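First comes the structure, then the notes that go with it.
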Amino acid sequence: MQLNGGTLGSDLQSEINITPLVDVVLVLLIIFMVVVPLMLQGYDIDIPRASTETVPEEAEMTQVVLMIGATACQMLVPPAGEGLPADCRVDLDNQEIPVADLPKRVGELLGARPPEQRVLFLATDDRLNYEGVLRIVDLAKSGVEDLRIEFITAD
Amino acid sequence: MRLGEPAKMQAAINITPLVDVVLVLLIIFMVMAPRMMRKGPEVPLPHTAKPSDQGDERGRVLVTMDSTGGIWIDDQQVPPERFAEGLIAAVGDEPDPKIVIKGDARLKIGDVRAAMLAIEAAGFPGVGLIAKPNSDKAGGE
């Protein structure tokens, strides 16, 4: 095979020319290298509509509420390292539990429900640190698949 | 070089594929650049164990909150009292908007809650809260 391939007298070229393929693949690689940092990761949080209607009693019974207080879980500054303070306690479904038990308890309470009914209502003390609350949300979500978080925003 | 003549050594490098690739890259960056500009200031994001993907940027409106209470919608800083109208303007006629909050890790949850209340009042049913996975040690953003 000669460099100018097409001239008469050259041998038949039996291999596939992969150079254009390599070009295209490299360009795709570069595209993805550019796009991936633009992807954002995070947590979807629903905001219940402020409504004056009273909740039906039956629905109220089945609501699971996670309350994070500033005295039981003193997290007023970003927690150090990757975890949560060991003495942090949260109130899940009116029971105070150590935060480390949260995935297990959420799994027990909501795991048996169909995925669209796995809703956790979240109420937090305003003084708590944002990063700490997100870590608790992350823990709760690790307890059960497809968990929806409803953040109670009303005063 | 005429056809039919035995090939000579080709002295010049064939730059056509190079030019192709460079032109494609140029086009990619021309498309991406305006979108990459449309974001607010860098803030230290919360680090968590396993945040989930927030989809691509079609229809996304990015709300950035820094630790001093400043609020940006995409790349525009807005005063808190004009947050709702800024949000509605940023969404425009987007059929499926998604509001995401990029909040400084040092914020109080109360500040974020206030923003979420305003977002709900402006008629949007949910938000995404942006976090970084712990494994990603790239620092700031």
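None of the figures in this text is laboratory data; all of them are computed from the coordinates on show. The shown structure was predicted, so the numbers you read here are calculated from the model rather than taken from an experiment. Neighbour counts run over all protein chains shown; Cβ positions are idealised from the backbone, glycine included.
Overview of values
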{"read-out": "Other-chain or far-sequence residues with amide H under 5 Å of B:Ile101's (modelled H)", "value": "B:Val63, B:Gly128, B:Leu129, B:Ile130"}
{"read-out": "Pairs from A:Lys141/B:Lys98; B:Lys50/B:Lys132; A:Lys141/B:Lys39 whose Cα-Cα separation, in the structure shown, is over 19 Å", "value": "A:Lys141/B:Lys98; A:Lys141/B:Lys39"}
{"read-out": "Debye intensity ratio I(q)/I(0), log10, region B:47-133, q values 0.21 Å⁻¹ (C-alpha model)", "value": "-1.04"}
{"read-out": "Kyte-Doolittle at least -1.0, axis length at least 20 Å by Cα - qualifying DSSP helices, chain B", "value": "B:16-37"}
{"read-out": "Local electrostatic count at A:Ala72 - Lys and Arg +1, Asp and Glu -1, tallied over other residues with Cβ under 14 Å", "value": "-3"}
